Amino acid sequence: MGFTPINDAGEPVNFCVFDLRRGQTEGQELDKILFFYPNDVSLSTQLSVIGLSEGLITFTRIFSPNAPCEVIEAEMHSHVFYEAEPDVWMVLIVEKHDDSDKIWRMDSLREVLKEVHSLFVMFNGSIRALVDKEPTGGLVRTHLYYFMMDFLSAFEKRSTLEYCCWDFSAGKKLQLPNFSDSLKERGTFQMLAMGRESALEVESLVKVIESCAGYTKCFTMVLFQDLVVSTNLSPVDSVSLFVYAVLRLTPHALSAASSWSYSHKGSAEPLIENSDAHGQSFNSHDASSLRNGSYSVLRPLQRGKWFKGEDGFLLTDIWGLDVNSSALKSPVMWLNQTEEKMYMLAYQHRGLTAIVLIPVSYVMGEQGIAKVKQQILETASVKISKVEEKLSRAWGGENAYHVSGYRYLLVDGDTCVSRATPPGKVTTLTKESLVAMNKLREEVDVEKCGAKWNNKSSLCENDLEICLRARNNAWLIARLTGGKELYMVVEKANETLLYASEAVEKFSERYCDGAFSLN
Amino acid sequence: MLGRSPSTSGSLNGDDQGCDAEMDRERNPDRIDLSLDAIENQLASISMSSRSNGEKVEQLEQQLLIEQLIAGKASVDEEFDVERENCNPEEEDVDSDCNTEPSDMIKESSSSIKNNFDVDEVEPRWSPSSSGYAGERGSTSGGDEINEDEEGRSEIHEVAKDDAYRPHEQWLSGKRGGDEDDASISWRKRKKHFFIFSHSGKPVYSRYGDEHKLAGFSATLQAIISFVENKGDRVKLIKAGKHQIVFLVKEPLHLVCISCTGEKFEALKGQLELLYSQMIVILTKSVNRCFEKNPKFDMTSLLGGTDVVFSSLIHSFSWYFLGCSILFIVMNPATFLHAYSCIRIPIAVRQAASAVLLDVAGSGVLFALLMCKDKVISLVGAQKASLHPDDILLLANFITSSESFRTSESFSPICLPKYNPMAFLYAYVHYFDIDTYLILLTTRSDDFYHLKDSRIQIENVLLKSNVLSEVQKSLVDGGLHIEDLPNGPSSQIRPSRSTNSVGSTAEGFAGIGGPAGLWHFMYKSIYLEQYVSSEFSPPINSLKQQKRLFRAYQNLYITMHDREAGPHKTHFRRDNSYVLLCWVTQDFELYAAFDPLADKAPAIKVCNRICQWVKDVENEVFLQGASPFSW
């Protein structure tokens, strides 16, 4: 299949990772680049993107030494910066257009960068550590390359037609969160609301599971469908694991993966294939290492690699085979909270997925893991199926959290938990309302950021209430209080402000334990 | 003209020489260069006359101001961040008092710029007799133009003098931080920078620091613009923590604001637009032609020639001109509302003023404005001509920031960017008292005597009909006070302001401010392009609080008028500082600030009452019949 070069300037999405500590001498600038998407843009374009980024980071440090360049807004593009690790930067460049779906909120784009970085670190450790491990950069580039490409494939906008012309314009298929996602919050996880009885059942289930792991300090996350039922991980780790679970582990993810594999029978990962085909242009100085597989690359985000075993445990060959037993190796990941390396066990029964993380240092290798699995099967599986039954009986389906008349997003910043109107219901809003809400959220983002830079300890002090009657007569509402945020769109509503505040009040009383009530 | 040495004009200076020059022009009407020199001479003399006449007064004023500042150090200090980084409030403190010596130089330098420029670009429009004014002022033409070096030394001397009073009075004269550059910590910590540079990266103006030392810095800014332009795009904004870098490209000039004041991008961009327009007020857009001829044209050299002294004047001019302009930006809602405000006077008084202005407007005057500070008393335009509120703002800023206009009648070329950015008009300016002044704008450069006669005619009527005394009265106690807000249709009793400084408890709110916790409001009539705002009452006492409130209004205005999603209809916002209510209809926009604990229902009622109140007094607070369509 031939390759049609994309006009560099017209590329809708560019995404790069670079290390400012590298390539400091003239002529060595290429060394800085650790990843560039799409990889088929010319090296000179890559260098110019990184040059501008680095230039602006240096320039803005003149005035803002502690918070250099975060965003560049140009007429046609937005550049979002994220310093993932000291001197390791991620920059995402998106095209913008008022008349299409290319209306962005910078913070939500930055959340994408944060997400991919925390996922990367969860499986590979820090970028810096990989850079230091192998100073030529081959190791880190290879890891980043496969990881990022697998990650970005989740943002591909697909149509059957596009399958046949994959590599013509791979970049154009990336659909990043835009204004229509203004009632979603990345960097949070969603929880299942349960009755007291169910909550107690789940609690005792978690105790049983943890007892299976013996005396070791383990962590557990239980999910029902794509919602968290219980987690004892830190909020940050919960978010990362939740994102991974929803991408690859939950029943929904597994079934999506199997249908994906079916449609891609016989073909390798398209993005990757594409990259390999043009690997020469990707940092040519080490392209060979990328292609010849001299590094063992972990691709935990690769599609279609997880499947459910007969015993109910989820299996994958991502981590390879055990040399001794030639059995599949158990997945391993790092916890942000304890910086500990953990084995990951995932057991699934119908809609319920229980993920157990056990410190590698406490378990006797794969044998130890097998033991724990056995324990879980023996002592917890019955309870798991009971709990699953109970939860699925009470489960209201994907529209369970729909509140008629309201389109809302509720975020608890302290616990990283959010709840929102189901996506299907959000789409009933007009574009006008969503664009206006996107704007309002951007405004609130700025205020939150301002509070941060003004050394306010937390958002708790940033009590804010905004009710905006938009041009199309929709009420747009934002409420921030005590670290919690509520965003709401009420269309076809009465024009009086008091009506709007009453609507919030009612919602707050019924669904938020009065957190946003004014009294 | 660019290469004109000071001595050329110098030869025309001095009292006698000034007269000679005038005679010379009469004899040789074709000698445009001479007449231009004389104009320059004359314009310089306008400013210098104020210097010589008012020198002692100004010194006293300056001294007084310094003393006031030292006494009020605490209040100034609260506006300062560490190491004097917050500079704006300080300027705001001085707004009304800062028209001391430096403004002479503003006038002088701005006039000189005009002349420099005129000769280069707009020369043909000048008739030999255009400087009728020179004849009148010739006798007072000081020898300043002849001694540009001396002028320069005097400026340097002033800066040195200021040094002695640092830090608080450094801004009194010359640019603050004039010795700073981008390597200085203090410079980097300034809260709001403004830069103007040419598209080749040559610095034209910097709010802080020495433009020459900042050449590298403006080249960097230019490089950023070019780099993005080369990619077929145009950079608008860079964000970094609290800082925003806003770019405005007005080829061949580029303007940049670097701010950490928390103002929105749209607000900062609007300020850059105004800054650019203010430059157009002085130069007209014809300056672009210089760049067309030579892309690497050095504008500072146009402004100052090769004369080092002149460019040092530009420093003080730039700073002061901008300083005042920023004061406006911060303190004057007209900068974002795009509306002007009128002084509140009885309708009969305004009608009297309008009638006499209308009389003169018939006779070759394009616009006649009677102003008090930045507020309009009356405004009349020739048929079909309309004056944009932004032009009024910039014109008022130009005139009120230049002390020389106050001390004697002046005739000055001026450009109204929204009216016609390419051409000069001629402004006859005369102050009737310290606050009230008349501007007569004409297209004819030889209209001085005619306008002078018109002014005398106007002055007589104004005195006869007590307009000026009414204006003074209004200045003292004329505004709308929130405590005077009528109780609503059921009761017309107006509570006395003195007894109602604490909000009425009957309204369900007991706090400082007006009814229902009302602190302040602004009302803009969309059709009239005018606004009225209430006087500041407790707790909006300090300049800092006033600035914060205006910035909050400014943010609100921008949200309401969002380019993509707006204009919105109603906006309620409660944060830790205020409850803000905004209501936009086809006819008006209302912005009101309440105590953060205010309840919605009474606040809404109060907003309705405000609208009714403004309607009731609209003949006093607005200039009726000045809208563009009524002539």
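List of remarks:
- Carbon plus sulfur fraction of accessible area for the stretch B:524-631, probe 1.4 Å, in percent: 50
- Residues of the stretch A:98-115 that bury at least 10 Å² of accessible area when the other protein chains are present, relative to the chain alone (probe 1.4 Å, heavy atoms, ligands and nucleic acids excluded): A:98, A:103.
- The charge dipole of chain A, taken about its Cα centre with unit charges on the Cβ atoms of Lys, Arg (+1), Asp and Glu (-1) only, comes to about 1120 debye.
- Note, ³J(HN,Hα) from phi for the stretch B:236-242, Karplus 6.51, -1.76, 1.60, rounded to Hz, x at Gly and Pro: 10, 8, 10, 10, 8, x, 6
- Straightening the chain between residue A:96 and residue A:385 buys 99.2 nm, computed as 0.36 nm per residue apart minus the Cα-Cα spacing.
- Scanning residues 5 or more positions from residue A:34 or on other chains, those with amide H under 5 Å from its amide H are A:17, A:18, A:19, with H placed 1.01 Å from N in the peptide plane.
- Amide H contacts of residue B:236 (H built 1.01 Å from N, under 5 Å, at least 5 apart or other chain): A:73, A:74, A:75
- Distance between the C-alpha centres of the stretch B:219-293 and the stretch A:310-338: 56 Å, rounded to the whole angstrom.
- Summing both sides, the accessible surface hidden between A and B at a 1.4 Å probe radius is close to 4200 Å².
- Per-residue [θ]222 nm for chain A (sum of -39500 (n - 2.57) over DSSP H runs n ≥ 4, rounded to 500): -11000 deg cm²/dmol
- A simple rule links phi to the HN-Hα coupling: the Karplus curve 6.51 cos²θ - 1.76 cosθ + 1.60 with θ = phi - 60°, which for the stretch B:284-289 gives 6, 6, 4, 4, 4, 4 Hz, with x for Gly and Pro.
- Backbone N under 14 Å from the residue A:454 label point (7 Å along Cα→Cβ), restricted to the stretch B:249-267: B:260-264
- For chain A, the solvent-accessible area with a 1.4 angstrom probe is 42 square angstrom per residue.
- Rounded to whole numbers, the Karplus 3J(HN,Hα) couplings from phi for the stretch B:245-257 are 10, 10, 10, 9, 9, 10, 3, x, 9, 10, 10, 9, 10 Hz, using 6.51 cos²θ - 1.76 cosθ + 1.60 with θ = phi - 60°, and x at Gly and Pro.
- Three semi-axes of the equivalent ellipsoid, chain A, Cα gyration tensor, whole Å, largest first: 35, 34, 22
- Shown for the stretch A:413-441: residues covered by the partner protein chains by 40 Å² or more of accessible area relative to the chain by itself (probe radius 1.4 Å), namely A:439.
- For the peptides A:431-440, B:398-407, B:453-462, residues were scored by their other Cβ atoms within 10 Å and the scores averaged per peptide; the highest-first order is B:398-407, A:431-440, B:453-462.
- Cβ neighbours within 10 Å from other chains - mean over A:64-72: 6
- Surface per residue (accessible, 1.4 Å probe) for the stretch B:549-631, Å²: 37
- Test item: B:569-580 mean partner chain Cβ contacts at 10 Å: 5
- 10 Å Cβ neighbours from other chains, averaged over peptide A:74-83: 4
- Separation in nanometres of the label points that stand 7 Å from Cα toward Cβ, at residue A:207 and residue B:541: 6.1
- Here the label points at residue A:506 and residue B:179, each 7 Å from Cα along the C-beta direction, are separated by 6.9 nm in the simple model.
- Scanning residues 5 or more positions from residue B:210 or on other chains, those with amide H under 5 Å from its amide H are B:180, with H placed 1.01 Å from N in the peptide plane.
- Estimated FRET transfer efficiency (residue A:28, residue B:229; beta-carbon r; R0 22 Å; 0.05): 0.20
- Expressed as a whole percent, the accessible area of chain A that falls on carbon and sulfur atoms is 52 (1.4 Å probe).
- Cα Rg, Dmax (largest Cα-Cα span) when computed across the stretch A:361-403, Å: 16.6, 49
The values are calculated or read from the model by the stated rules, or taken from the named source; none is laboratory data. Small disclaimer: the values here were computed from a predicted structure and weren't measured. Here the Cβ is made from the backbone with ideal geometry for all residues, glycine too, and neighbour counts use every protein chain on show. To get the accessible areas, we keep the full protein, side chains included, count just its heavy atoms, and leave off ligands, DNA and RNA. Shrake-Rupley method; radii C 1.70, N 1.55, O 1.52, S 1.80 Å.
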